[in-house]
Amino acid sequence: MRARFVLFLSAFATSTLSAGCPRNDDAPVKAVALAAPSPAPPSLPLVAPPLPAQATPAIAPPAPAPATIPSDPTDVAALPPDLVDDGSDDVVEPEAAPSPAHGNVDELASTAKETWVFAEPSWKARRIGYLRAGAVVERRSEPAARNSNCVEGWYRIEPRGYVCVGATATLNVFDPVVEASSKRPRRDGLPYTYVMSRSPPPPFYARLPSAEEALSVETDLGSHLRKAARSALEPGYVAPPPAESVPGFLLYGRNAPGLSGTHRSSTALELGHAHARSGFALLSTFDYEGRRYGLTTELAVLPLDRTRVIKPSSFSGKKLDDEVTLPVAFVRSHHASHYLPGPGGALTQGDAIGYREAIPITGVSRRSSGVTYLETRDGSLIRDEQTVRVDNIHRPPAWATGKRRWIDVSILKQTLVAYEGAKPVYTTLVSTGADGLGDPKKTHSTIQGAFLIHTKHLSVTMDDDRIGDEFDFRDVPFVQYFTEGFAFHAAYWHDEFGTPRSHGCVNLSPLDAAWLFNWTLPEVPAAWHAALSLKKGTLVFIHP
């Protein structure tokens with residue numbers, strides 16, 4: 001495996017190539033090394049995102065090593081100190097500013113893929129999140145500080161933190177990049193429309209190409225378009241969303257603006273080609289000269305006939321409450337049915353049950369003709385061997401106090417349960433590492449232990465360059481890191497939840513990942529793209 005630099009996402013949040021989970025490789029790699037919560041492979045040095053030339057990034061204090069599985073999770077004394085909020089992660093806020101007398105709201109906008117938010121108005125302060133291009137947030141009218149490293153000023157933004165206006169942020173909410181990136185990601189399913197590359201992979205254009213320009217870049221264009229037309233008639237074809245108007249900034253042959261920090265010539269036509277196995281998020285789709293195009297989140301123009309549109313999984317878990325709670329059985333057979341007890345104990349086959357359907361059960365089982373059945377809450381029976389059973393905890397772990405939120409993941413069962421204290425509130429099926437209970441440092445296995453979610457991204461890049469396993473998935477949704485390179489995230493490229501599948505992360509369906517992202521801590525404010533917190537995140541317990 002070729003050694004590569006990994007973009008360090010925070011003073012305590014990173015992802016590793018060995019885990020094969022989402023990481024952000026989009027920015028140039030230059031800056032000083034920072035401390036990580038646990039050692040990374042020696043071939044993968046950790047670096048910070050580039051800051052203005054004059055600024056000096058903060059050196060993070062050593063963070064505690066990831067917690068291991070407590071020998072007795074119910075023993076309060078055994079609770080590792082790094083799983084306890086000690087107040088060191090608090091953000092001290094200034095007094096609230098009075099409402100502007102004129103009634104207008106002062107705003108600040110992001111022009112880069114990452115506009116960092118700091119706990120204090122200083123490059124040396126702790127990072128607490130970032131905005132993405134197009135995000136507009138309310139700010140204080142006057143800067144909190146201004147110096148040679150931030151000549152346009154540090155502004156306090158809502159709901160907290162400070163942003164330096166200049167290289168990655170602007171007070172002009174009508175900036176071309178802000179207007180081009182104005183469509184915000186959704187939080188109730190897939191954040192964007194997603195597409196995957198076909199073969200050969202698509203080119204990226206800086207502007208809408210004329211027929212002659214497209215042919216100069218795509219020399220097989222004629223045969224390709226005929227093939228694409230036939231593919232659109234095949235079963236399983238997913239049509240792109242309805243076409244929108246061509247974005248104004250692409251009219252009259254103009255180039256799309258480049259995000260801050262990227263160099264894009266005003267005369268450029270082609271911006272390169274996608275990798276063979278790659279996925280992209282689209283801000284919009286539109287027609288031009290009889291061809292459908294999409295605009296990526298990086299403001300590149302993509303011909304959609306060289307991609308396939310993703311139809312997201314419709315699978316989702318089950319919300320739990322006082323009336324519907326654990327135990328629950330997930331059906332793992334495509335041919336399952338209810339069975340109804342009859343006179344003399346005979347069973348009659350009833351209605352079919354959907355694959356992966358969650359069935360509330362009583363916890364009582366019975367055997368009939370050598371087969372074990374589980375009793376459902378409605379009085380019917382289901383075959384035990386066709387299900388995965390999720391039971392409530394018998395002895396709450398030490399951290400299950402009050403309404404503290406925590407997540408239980410079973411690798412052998414491929415299940416997840418979200419708890420508030422000792423009360424389960426959600427359960428679903430997941431896909432953990434493909435190599436089961438193997439060594440997560442040497443195989444595609446999910447790490448075991450007790451951890452805190454420390455960094456949450458609405459979306460971030462996931463890629464790998466290992467020969468035979470290369471991929472480049474942009475804007476992987478709802479990523480939540482809890483240690484090293486391991487994270488929860490939605491998988492838009494498969495629908496095998498309930499089966500080990502990942503490179504080490506915990507894959508969820510888009511609907512489940514969205515629910516979990518909105519439920520866990522740290523909270524990501526409405527206009528932000530990511531939030532970071534070392535001690536205040538939701539606890540994660542992963543075990544066999």
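Among the residues of the stretch 313-327, is there at least one that is over 30 Å from residue 474 (Cα atoms), touching a helix residue (DSSP H, G or I) at 6+ places or on another chain (Cβ under 9 Å), surrounded by fewer than 18 Cβ atoms within 10 Å (Cβ to Cβ) and not acidic (Asp, Glu)? Checked the stretch 313-327: no residue is over 30 Å from residue 474 (Cα atoms), touching a helix residue (DSSP H, G or I) at 6+ places or on another chain (Cβ under 9 Å), surrounded by fewer than 18 Cβ atoms within 10 Å (Cβ to Cβ) and not acidic (Asp, Glu). Of all the numbered requirements in (1) buried (at least 23 other Cβ atoms within 10 Å of the Cβ); (2) touching a residue at least 60 places away in the same chain (Cβ under 8 Å), residue 524 misses one, and that requirement is (1). For the stretch 283-299, the set of residues classified as of a type in the set (A, V, I, L, M, F, W, C) and surrounded by 23 or more Cβ atoms within 10 Å (Cβ to Cβ) consists of 295, 299, listed by residue number.
Here is a yes/no grid of residues against (1) at pLDDT 95 or above; (2) within 33 Å of the chain's Cα centre (by Cα); (3) small (Gly, Ala, Ser); (4) within 21 Å of residue 542 (Cα to Cα):
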residue	(1), (2), (3), (4)
326	yes, yes, no, yes
331	yes, yes, no, no
337	yes, no, yes, no
340	yes, no, no, no
346	no, no, yes, no
382	yes, no, no, no
394	no, yes, no, yes
398	no, yes, yes, yes
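Considering 451, 478, 482, the condition of being in the same structural domain as residue 527 (by TED's automatic domain parsing), free of Cβ contacts under 8 Å to residues at least 60 places away in the same chain, under 14 Å from residue 407 (Cβ atoms) and not β-branched (Val, Ile, Thr) is satisfied by 482 alone.
Kindly establish whether residue 122 is closer than 23 Å to residue 91 by Cα, over 29 Å from the mean Cα position of the chain (by Cα) and at pLDDT 95 or above. First the steps, then the outcome.
Details: closer than 23 Å to residue 91 by Cα: yes; over 29 Å from the mean Cα position of the chain (by Cα): no; at pLDDT 95 or above: yes.
So residue 122 does not fit the description; no.
In the stretch 66-92, the residues that are modelled with pLDDT of 65 or more reach residues that are acidic (Asp, Glu) with C-beta atoms within less than 9 angstrom, at least six apart or across chains, in these pairs: 91/120; 92/120.
Checking each residue in the stretch 327-342 for being in contact with a Pro (Cβ under 9 Å, 6 or more places away or on another chain) and either of a type outside the set (A, V, I, L, M, F, W, C) or assigned to a loop (DSSP other than H, G, I, E, B) (or both) picks out only 327.
In the condition set (1) more than 31 Å from the chain's Cα centre (by Cα); (2) in contact (Cβ under 8 Å) with a residue 60 or more places away in the chain; (3) surrounded by fewer than 18 Cβ atoms within 10 Å (Cβ to Cβ), residue 218 is compliant with all but (3).
Kindly indicate which of 208, 215 is touching a helix residue (DSSP H, G or I) at 6+ places or on another chain (Cβ under 6 Å), modelled with pLDDT of 95 or more and either closer than 20 Å to residue 247 by Cα or in a strand (DSSP E or B) (or both). Write out each step before concluding.
Values: 215 fails: either closer than 20 Å to residue 247 by Cα or in a strand (DSSP E or B) (or both).
None of the others qualify; the one that does is 208.
Residues 448, 386: which one is modelled with pLDDT of 95 or more, surrounded by 15 or more Cβ atoms within 10 Å (Cβ to Cβ) and within 23 Å of the chain's Cα centre (by Cα)? Can you show your working first?
On the way: 386 fails: within 23 Å of the chain's Cα centre (by Cα).
Just one listed residue meets the conditions, 448.
Only residues that are under 23 Å from residue 440 (Cβ atoms) and either aromatic (Phe, Trp, Tyr) or not in a strand (DSSP E or B) (or both) were counted in the stretch 372-429, giving 7. Looking only at the stretch 344-373, residues that are over 21 Å from residue 322 (Cα atoms) and among the hydrophobic types (A, V, I, L, M, F, W, C) come to 5 in all.
Just so you know, in the stretch 105-115 the residues that are more than 25 Å from the chain's Cα centre (by Cα) and not in a strand (DSSP E or B) include one that is modelled with the lowest pLDDT, and it is 105. Taken together, 417, 460 contain a single residue that is crowded, with 19+ Cβ neighbours inside 10 Å, more than 23 Å from residue 328 (Cα to Cα) and either touching a Cys at 6+ places or on another chain (Cβ under 8 Å) or at pLDDT 95 or above (or both), which is 460. Residues of the stretch 223-240 that are assigned to a loop (DSSP other than H, G, I, E, B) and small (Gly, Ala, Ser): 232, 236, 239.
Summed over the stretch 266-278, the residues that are assigned to a loop (DSSP other than H, G, I, E, B) and either touching a residue at least 24 places away in the same chain (Cβ under 8 Å) or surrounded by 19 or more Cβ atoms within 10 Å (Cβ to Cβ) (or both) give a count of 6.
Can we say residue 443 is among the hydroxyl-bearing types (Ser, Thr, Tyr) and more than 29 Å from residue 186 (Cα to Cα)? Here the answer is yes, as residue 443 does meet what is asked. For the stretch 308-326, a residue qualifies if it is under 30 Å from residue 422 (Cβ atoms) and part of a loop (DSSP other than H, G, I, E, B), and the qualifying residues are 315, 316, 317, 320, 321, 322, 323, 324, 325, 326. Of all residues in the stretch 261-300, exactly one satisfies the criterion of being within 16 Å of residue 133 (Cβ to Cβ), β-branched (Val, Ile, Thr) and in contact with a Pro (Cβ under 9 Å, 6 or more places away or on another chain), namely 297.
The values are calculated or read from the model by the stated rules, or taken from the named source; none is laboratory data. Just so you know, these numbers come straight off a predicted model, no measurement behind them. All Cβ positions, glycine included, derive from the backbone under ideal geometry; neighbour counts span all protein chains shown.
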